[in-house]
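Below is one structure, written out as structure tokens; comments come after it.
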Amino acid sequence: MENLKEERIKILELLKDGTITPEQASSLLEALGQPKEVEVKKEKKAPFRMLRIKIDGADGEKVRVNIPIEFAKLLKNGKFGSVDFDDLNIDIDSVLEMIAEGASGDLVNIEDEDGTTVSIVVE
């Protein structure tokens with residue numbers, strides 16, 4: 001790009017000094033062409049992904065947690081709101097590791113003997 005600019009300046013200096021005519025300068029500038037625009041490709045972001053946790057307790061209690069994957073670290077302490085993953089025997093660290101490695105779809109589906117169901121899905 002800098003080289004092209006220098007070439008244009010030389011042509012204009014030759015015109016200024018009277019070494020070439022305006023027509024010749026115009027032809028030379030056209031021969032150099034227009035500076036090419038550099039196309040900047042925008043990096044596509046991964047689609048917005050959600051972590052969806054659905055718990056249906058045997059006693060009729062329903063819990064729905066829908067959080068962006070970026071906030072999944074909030075689950076690290078084993079609790080999120082009224083949901084205690086330790087009580088549900090879910091290793092949340094393993095789930096978070098699977099997510100970090102790019103897992104998607106159904107990650108956990110549990111139904112225990114008392115009828116409680118737990119589903120963890122990445123969409």
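A few points about this structure:
- For V108, distant residues with modelled amide H under 5 Å away: I120
- Once the Cα-Cα distance is subtracted from the 0.36 nm per residue extended length, the D93 to A58 segment shows a gain of 10.1 nm.
- Volume per residue of the C-alpha convex hull in segment 50-122, rounded to whole Å³: 77 Å³
All of the numbers you see were taken from the coordinates with simple rules; none came from a lab. This structure is a prediction, so every number in the text was calculated from the model and none was measured.
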